[in-house]
Amino acid sequence: MHPLARALACAALLAAASVQAQAIDPNGCLYVNVASVPVHYTGPSLNLTMDGSINGTPAQLLVDTGASDTALTRTGTEPRGMSLWSTGASSVGIGGYSRIYRTRYKEFRAGPATASSGELRVIHDFGVPPAFDGLVGAPFLLQSDFEISLAEKELRFFRPRNCGGRFLAYWDQDAVVVPFESSWSSSPNPQFTVLLNGKKLNAVIDSGASVTSVTLDAARRAGMKLDAPNVERLGESAGVGDTRVARWGATFDTLQIGGEIIRNAAVGVLDASFGDIDLLLGADFLRAHRVLFAMSQRKLYISYVGGEPLGQRRGIEPWMQKEAEAGNSDAQMMLSSMYRSGHGVTADPVQARAWFDRAAAARNPRANFTIRRAAMGRGDYEEAARRLRTGLRGLPGDRIAALWLYVVRLRLGEGEAARADLEKTFARDDNDQWPKAVARYLLGKRSLDDVLDDAREDKPHANAQACFARTAIAEYHAALGEADKAKAMLAQRPECAPPPKAT
């Protein structure tokens, strides 16, 4: 048994001994509450996380029923100086393949469970640097009955006693019951059938997904056409794997889950494969529903609790506003971005600035990266370095920020130490992994032609990457006092159109 599984099993025994249980009926069925764990919204995508710790330091761990194992990320390992070794294996996500490393920990805690002196996998490659230190997957979350109640921002683990096949949705006698279906997957995350526009699809509940999504192939089987008026190109999505995939928003006539029918269902469509799964019910679905994974009975119990059944973040939703007002700097940055762009809300630069300032005061990483630009523009390199270091403490996997910090440190006369740190930062990145080519140029190991060739290989992002490369290289030469080279580089810079937005 995995050390974390043993730890949660011990918690179950303690809870059972104290008989802190929910009575299901008068015939002796008790539902023993092993543990109740608060859930948070973390990072640029406001992912669901739980508290944990790594080697005695606090950590945020993604609550991911869609993951096949518990693992760490570079965000968790790099600031702690944890040694990694290659496994030669890879993991598949919506962004393709990620290399898998392993690391040894002295102590690891996830919610109610603590394990000592063991090893964990490290997922290395993400399309966007993750804000969470690790993730807890289905084998940990679903080793007992598991309830997600986002209305109460709480996760609950249960062990049934003398319950057999009795109805377990103790909070709602009208909860929908959905049976598990047979699966070839080794993950305990249950698969079940849903109907999208009447078409049978294979689905799972994926708490690690921000929004509900269907594969492009399955959406077409359900009658969707990309040129239909109810389909909108929304940019890109990122996750495990170092590439991003095209994303659309579509409205389907119906999505049926057991006895619940969602009409005019807003669902994301991804040009990706989920293996043998067609549809992922994500955190937007979970916010409008209370869900019990009754692993002991191989059933799901689902109750609608109010709000948009599939929010899709089409505007500022009440939960976002509440999080921002409560001091969540990531939610504050999301509101700032929406008010600035007018996404789902009337554009309001005053509100955008106010929420940005609150996020910056709370040391939000992305806010600090933005302030860096202004500091560099006015020549305040000490301020720029301070902002970059603050941001990188929260998002240590952000390679773009690492490059800017190197350039700023050159301005401050820290060339030798800055070079050593840049070498270390990019040591494990593949040679074709952007922006390593830029880092190697700054370290004197690649030519400009090589860098631009690498930028062009990723066609959807070629223009933006070439623009960034020339901008960063120009700043590098300016920092070295080579003004003519810097001017020539900027003169050849393409129009800097932003790449498609990633979520």
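Overview of results
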{"quantity": "Formal net charge of residues neighbouring T103 (Cβ-Cβ distance under 10 Å; K, R +1; D, E -1)", "calculated": "+3"}
{"quantity": "Stretchable slack from N55 to A462, in nm (0.36 nm times residue separation minus alpha-carbon distance)", "calculated": "142.5 nm"}
{"quantity": "Net charge dipole size for the chain [Lys, Arg +1 and Asp, Glu -1 on Cβ; Debye, nearest 20]", "calculated": "600"}
{"quantity": "Share of carbon and sulfur in the accessible heavy-atom surface of the range 35-117 [1.4 Å probe, %]", "calculated": "50"}
{"quantity": "Crossing angle, helix 462-479 versus the chain [Cα axis fit, 0-90 degrees, rounded to tens]", "calculated": "50"}
{"quantity": "Share antiparallel - DSSP beta bridges, the range 34-193, percent rounded to 5", "calculated": "85"}
{"quantity": "Antiparallel content of DSSP bridges confined to the chain, in %, to 5", "calculated": "85"}
{"quantity": "Table column - 3J(HN,Hα) (Hz), the range 67-80, Karplus curve with 6.51, -1.76, 1.60, x for Gly and Pro", "calculated": "8, 8, 6, 8, 8, 9, 10, 4, 4, x, 8, 5, x, 8"}
{"quantity": "Over 27 Å between alpha carbons, listed pairs K225/K322; K199/K299; K299/K322; K445/K487; K225/K299; K436/K487", "calculated": "K225/K322; K299/K322; K225/K299"}
{"quantity": "Taking only Cα atoms of the range 321-392, radius of gyration then Dmax in Å", "calculated": "12.7, 38"}
{"quantity": "Radius of gyration and maximum dimension Dmax of the range 145-293, Cα, Å", "calculated": "16.2, 55"}
{"quantity": "Size of charge dipole - the range 51-169 - debye, nearest 20, with Cβ of Lys, Arg +1 and Asp, Glu -1, no other charges", "calculated": "280"}
{"quantity": "The range 144-166 and the range 195-255: distance between their alpha carbon centers, rounded to Å", "calculated": "29"}
{"quantity": "In range of the label at E154: residues from the range 299-318 whose backbone nitrogen is under 19 Å from the point 7 Å along Cα→Cβ", "calculated": "301-306"}
{"quantity": "Rel. contact order, % - alpha carbon contacts under 8 angstrom, at least six apart, the chain", "calculated": "13"}
{"quantity": "Tilt relative to the chain, helix 3-18 - C-alpha long axis, 0 to 90 degrees, to 10", "calculated": "40"}
{"quantity": "T103 accessible area, assembled protein chains, probe 1.4 Å, Å²", "calculated": "0"}
{"quantity": "Karplus-derived HN-Hα couplings along the range 301-313 (A = 6.51, B = -1.76, C = 1.60, θ = phi - 60°), whole Hz, x at Gly and Pro", "calculated": "10, 10, 10, 6, 10, x, x, 4, x, 9, x, 6, 6"}
{"quantity": "Convex hull volume per residue for the range 360-421, taking Cα atoms only, in Å³", "calculated": "68"}
{"quantity": "Accessible area of the range 371-497 belonging to carbon and sulfur atoms, whole % at 1.4 Å probe", "calculated": "46"}
{"quantity": "Accessible area in square angstrom per residue, the chain, 1.4 angstrom probe", "calculated": "44"}
{"quantity": "Highest-first arrangement of 468-478, 51-61, where packing means the average Cβ count within 10 Å", "calculated": "468-478, 51-61"}
{"quantity": "Among S98, V408, G394 - extreme Cα towards positive end, dipole of the chain, charges at beta-carbon", "calculated": "V408"}
{"quantity": "Helical mean residue ellipticity (222 nm; -39500 (n - 2.57) per DSSP H run of 4+; nearest 500) of the chain", "calculated": "-9500 deg cm²/dmol"}
{"quantity": "With every protein chain in place, the range 244-304: carbon and sulfur % of accessible area (1.4 Å)", "calculated": "41"}
{"quantity": "For the chain, fraction of C-alpha pairs farther apart than 36 Å, in %", "calculated": "34"}
{"quantity": "Global geometry of the range 231-308, whether rounded, prolate or oblate, following the gyration tensor of its Cα atoms and the 1.5 cut on a/c", "calculated": "oblate"}
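The values are calculated or read from the model by the stated rules, or taken from the named source; none is laboratory data. None of the values given here were measured: they were computed from a predicted structure. Cβ sites come from the backbone with ideal geometry, for glycine too, and all protein chains shown count toward neighbours. Surface accessibility is based on the protein's heavy atoms, side chains included, excluding ligands, DNA and RNA. Shrake-Rupley method; radii C 1.70, N 1.55, O 1.52, S 1.80 Å.
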